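Undergrad: Just passing along the structure, written as structure tokens.
The values are calculated or read from the model by the stated rules, or taken from the named source; none is laboratory data. Remember, it's a predicted structure, so these values are computed and weren't measured experimentally. Glycine also receives a Cβ, built like all others from the backbone with ideal geometry; neighbour counts cover every protein chain displayed. Just so you know, the surface numbers come from the protein's heavy atoms only, side chains and all, with ligands and any DNA or RNA stripped out. Shrake-Rupley method; radii C 1.70, N 1.55, O 1.52, S 1.80 Å.
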Amino acid sequence: MFQKTFVCLMVLIMALGLVQKPADAASAAINVNADAAILVEASTGKILFEKNADTSLGIASMTKMMTEYLLLEAIKEGKVKWDQKYTVSADISGLSHNTSLSNVPLRNGGQYNVEDLYHAMAIESANAAAIAIGQIIGGTNENFVKMMNDKAKELGMKNYKFVNATGLNNRDYKGPGYDLQIVGGPEDENVMSAKDVATLAYRLINDYPEVLETSSVPTMKFAEGTEDEFKMNNWIKMLDPNSKVYYEGLDGLKTGTTDLAGPCFTGTAERNGNRFISVVMNVKHDPTVDSYTARFNETEKIMNYAFSNFSIKEVLPKNGVLKSNKTIPVDKGKEKSVKIQTNKPLKIVVENGKENQYKPKVVLDKKKLTKDGKLTAPVKKGEEVGYITVDSKEKNDLGYLPNTGKSDTKVSMVTKDAVEKANWFVLSMRAIGGFFGDIWHGITSTIKGWF
């Protein structure tokens with residue numbers, strides 16, 4: 001009897017194990033050994049995975065993405081030029097020769113153009129070069145820090161604080177032979193959340209995609225052909241085909257390490273037309289793996305998950321039409337309706353096998369319609385009348401980065417043709433036809449009621 005009872009109990013336990021609720025797909029498929037992490041699709045800002053993504057943590061040299069953004073913005077606006085010269089002060093030169101920090105040595109009184117300083121910052125993660133760029137843009141360290149915080153707010157970030165252009169601890173701004181102006185306390189350091197770092201990276205590569213031309217360079221000579229020539233090696237070892245951590249398609253963006261931040265990396269990679277952004281902060285690792293390699297191992301894990309499980313799907317092409325909303329009625333027009341269509345492709349990020357979780361829908365602009373839902377003639381060709389978006393049934397939808405203005409998951413619906421206003425004669429005939437039509441409808445309804 002005991003044996004039968006035991007067997008029955010074991011069968012019941014096994015059955016319960018087979019039907020238990022499955023774990024969240026992202027959590028089950030990926031375990032990131034870091035204090036915080038995030039994965040984002042790079043064209044829409046769609047968040048695909050996150051871990052402690054809203055917690056403020058040290059960012060170290062990932063800070064330099066903000067310095068890059070402000071420089072590229074200043075270049076675009078004509079406020080700074082690539083060939084503009086910068087004269088190095090004794091303090092900047094002193095810091096640049098501190099071999100305990102990432103740097104390219106700069107001569108006291110030496111002149112360097114902005115482009116060389118930019119390459120030094122983006123490739124070698126040169127701290128003195130980053131401070132120089134901040135001074136070129138903002139005039140002083142203090143003013144540039146204000147610009148950094150203002151830009152962060154403008155881009156929609158929530159959990160951040162910038163105190164310098166580099167990501168160093170403020171204590172590093174003072175050393176043998178140099179004493180640079182600091183903002184904040186003597187031990188302050190820049191902090192951001194993983195979501196904010198991803199937001200910055202998203203805006204950087206979408207607003208200034210040329211940044212990838214520099215961030216993807218494995219090695220380059222600083223001030224080539226001059227007495228200051230210096231061989232720079234990119235800290236992103238995933239770019240090097242001869243490295244054990246090489247990752248196909250990865251072309252940026254920025255590493256970072258300080259005592260506060262730990263090993264960090266913001267990466268981006270593209271394969272087969274799909275691009276993703278990942279962030280790992282304060283990566284944990286066992287003693288057999290060095291911290292620099294560990295951050296790339298965790299990035300590889302995230303990127304493999306992204307490319308294996310997600311892709312961009314085109315729901316509707318440019319000039320596409322939704323069957324349930326092909327036309328809009330037009331009041332007082334030569335034509336009684338007008339066709340509507342998308343002004344660009346409608347795309348969404350889809351997890352493989354979950355395509356049926358999404359359904360497109362048209363949302364018309366009520367301000368442009370009459371009370372009975374009509375446009376009023378005249379109507380212009382290409383006039384925006386609303387938008388089309390996608391409803392998701394996905395329960396674990398993580399949403400999007402803030403201010404992802406380039407998202408293709410919401411596109412405008414526009415009129416296919418113009419509709420001129422009908423003349424008085426046509427309008428009169430329609431009114432008369434409508435009048436007699438109403439009478440005839442009333443008569444037929446009455447007669448039907450007799451039988």
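Results for (1) within 19 Å of the chain's Cα centre (by Cα); (2) modelled with pLDDT under 95; (3) not aromatic (Phe, Trp, Tyr), shown as yes or no for each residue.
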residue	(1), (2), (3)
Asn233	no, no, yes
Ile236	no, no, yes
Tyr246	no, no, no
Gly249	yes, no, yes
Lys254	yes, no, yes
Asp259	no, no, yes
Thr266	yes, no, yes
Ala269	yes, no, yes
Ile277	yes, no, yes
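Undergrad: Still on this structure, I have one more. Just to be sure I understand the filter: pairs with C-beta atoms under 8 Å, separated by 6 or more residues or on different chains, first member in the stretch 266-287 and over 22 Å from Asp54 (Cα atoms), second member surrounded by 16 or more Cβ atoms within 10 Å (Cβ to Cβ) and basic (Lys, Arg). Which pairs pass?
TA: Short answer, once both residue conditions are applied: Ala269/Arg275.
Undergrad: So, one more: Considering the stretch 91-105 alone, what residues qualify as being over 35 Å from the mean Cα position of the chain (by Cα) and open to solvent by 30 Å² or more (accessible area, probe 1.4 Å)?
TA: Step one: filter the stretch 91-105 for residues over 35 Å from the mean Cα position of the chain (by Cα), giving 91, 93-94, 97.
Passing the criteria: Asp91, His97.
Undergrad: What are the pairs, 6+ residues apart or on separate chains, where a residue within the stretch 366-394 that is within 23 Å of Ala422 (Cβ to Cβ) has its Cβ under 7 Å from a residue that is of a type outside the set (Gly, Ala, Ser) and part of a helix (DSSP H, G or I)?
TA: Leu375/Lys368; Val385/Lys368
Undergrad: Related question: Name the residues in the stretch 223-260 that are farther than 20 Å from Phe296 by Cβ, out of contact with any Pro (no Cβ under 9 Å at 6 or more places or on another chain) and part of a strand (DSSP E or B), would you?
TA: Within the stretch 223-260, just Lys231 meets the criteria.
Undergrad: Give just the number: which of (1) β-branched (Val, Ile, Thr); (2) open to solvent by 10 Å² or more (accessible area, probe 1.4 Å); (3) in contact (Cβ under 8 Å) with a residue 24 or more places away in the chain does Thr226 not satisfy?
TA: Thr226 satisfies every listed condition except (3).
Undergrad: So which of Ala129, Ala122 ends up being crowded, with 24+ Cβ neighbours inside 10 Å, over 26 Å from the mean Cα position of the chain (by Cα) and under 18 Å from Phe222 (Cα atoms)? If you could, list the steps in order and put the result at the bottom.
TA: Details: Ala122 fails: over 26 Å from the mean Cα position of the chain (by Cα).
Answer to the selection: Ala129.
Undergrad: Looking for whichever is within 25 Å of Leu180 (Cβ to Cβ) and either modelled with pLDDT under 95 or within 35 Å of the chain's Cα centre (by Cα) (or both) here; the options are Glu73, Glu50. Which one fits? If you could, list the steps in order and put the result at the bottom.
TA: Working: Glu50 fails: within 25 Å of Leu180 (Cβ to Cβ).
Testing whether each residue is within 25 Å of Leu180 (Cβ to Cβ) and either modelled with pLDDT under 95 or within 35 Å of the chain's Cα centre (by Cα) (or both) leaves just Glu73.
Undergrad: Starting from the stretch 122-150, keep only residues that are in contact (Cβ under 8 Å) with a residue 24 or more places away in the chain, then list their pairs with residues that are in a loop (DSSP other than H, G, I, E, B) and open to solvent by 50 Å² or more (accessible area, probe 1.4 Å) whose Cβ atoms are within a distance under 6 Å, requiring at least 6 positions of separation or different chains.
TA: As it stands, the answer is Ser125/Trp235; Asn141/Gln181, since those pairs meet every condition given.
Undergrad: Given Asn108, Asn141, which one is farther than 27 Å from Ser216 by Cβ and open to solvent by less than 40 Å² (accessible area, probe 1.4 Å)?
TA: Numbers: Asn108 fails: open to solvent by less than 40 Å² (accessible area, probe 1.4 Å).
So the residue among Asn108, Asn141 that is farther than 27 Å from Ser216 by Cβ and open to solvent by less than 40 Å² (accessible area, probe 1.4 Å) is Asn141.
Undergrad: Residue check: is Lys395 under 30 Å from Glu50 (Cα atoms), among the basic types (Lys, Arg), open to solvent by less than 70 Å² (accessible area, probe 1.4 Å) and under 28 Å from the mean Cα position of the chain (by Cα)? Break it down stepwise before answering.
TA: On the way: under 30 Å from Glu50 (Cα atoms): yes; among the basic types (Lys, Arg): yes; open to solvent by less than 70 Å² (accessible area, probe 1.4 Å): no; under 28 Å from the mean Cα position of the chain (by Cα): yes.
Answer is no for this residue.
Undergrad: Can you pull out every residue in the stretch 33-73 that is out of contact with any Ser or Thr (no Cβ under 6 Å at 6 or more places or on another chain), aliphatic (A, V, I, L, M) and assigned to a strand (DSSP E or B)?
TA: Selection gives Ala34, Ala37, Ile38, Val40, Ile47, Leu48, Leu57.
Undergrad: Would you check which residues across the stretch 74-96 are closer than 26 Å to Lys151 by Cα and either charged (D, E, K, R) or part of a helix (DSSP H, G or I) (or both) and list them?
TA: Residues of the stretch 74-96 that are closer than 26 Å to Lys151 by Cα, as a first pass: 74-86, 92.
Scanning the stretch 74-96 gives Ala74, Ile75, Lys76, Glu77, Lys79, Lys81, Asp83, Lys85, Ile92.
Residue by residue, here is whether (1) of a type in the set (Val, Ile, Thr); (2) within 26 Å of Gly184 (Cβ to Cβ) holds:
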| residue | (1), (2) |
| --- | --- |
| Ala37 | no, no |
| Ser43 | no, no |
| Met62 | no, yes |
| Met66 | no, yes |
| Thr87 | yes, no |
| Pro105 | no, no |
| Ala132 | no, yes |
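Undergrad: Could we say that Asn272 is on the phi > 0 side of the Ramachandran plot, out of contact with any His (no Cβ under 7 Å at 6 or more places or on another chain) and open to solvent by 70 Å² or more (accessible area, probe 1.4 Å) here? Give the steps one after another, and end with the answer.
TA: Working: on the phi > 0 side of the Ramachandran plot: yes; out of contact with any His (no Cβ under 7 Å at 6 or more places or on another chain): yes; open to solvent by 70 Å² or more (accessible area, probe 1.4 Å): yes.
Yes; evaluated as a whole, the condition is true for this residue.
Undergrad: Something else about it: Has the stretch 13-25 got at least one residue that is at pLDDT 95 or above and among the acidic types (Asp, Glu)?
TA: Here is the first cut: in the stretch 13-25, the ones at pLDDT 95 or above are none.
Scanning the stretch 13-25 turns up no residue that is at pLDDT 95 or above and among the acidic types (Asp, Glu).
Undergrad: Sort through Lys195, Lys158, Lys237 and tell me the only one that's closer than 19 Å to Ala37 by Cα, surrounded by 19 or more Cβ atoms within 10 Å (Cβ to Cβ) and either free of Cβ contacts under 8 Å to residues at least 40 places away in the same chain or charged (D, E, K, R) (or both).
TA: Details: Lys158 fails: surrounded by 19 or more Cβ atoms within 10 Å (Cβ to Cβ); Lys237 fails: closer than 19 Å to Ala37 by Cα.
Just one listed residue meets the conditions, Lys195.
Undergrad: If you go through the stretch 317-356, how many residues are open to solvent by less than 60 Å² (accessible area, probe 1.4 Å), touching a Pro at 6+ places or on another chain (Cβ under 6 Å) and under 26 Å from Phe276 (Cβ atoms)?
TA: 1
Undergrad: When you go through (1) in contact with a helix residue (DSSP H, G or I) (Cβ under 6 Å, 6 or more places away or on another chain); (2) open to solvent by less than 40 Å² (accessible area, probe 1.4 Å); (3) among the polar types (S, T, N, Q) one by one for Gln181, which number turns out not to apply?
TA: Of everything listed in (1) in contact with a helix residue (DSSP H, G or I) (Cβ under 6 Å, 6 or more places away or on another chain); (2) open to solvent by less than 40 Å² (accessible area, probe 1.4 Å); (3) among the polar types (S, T, N, Q), Gln181 misses just condition (2).
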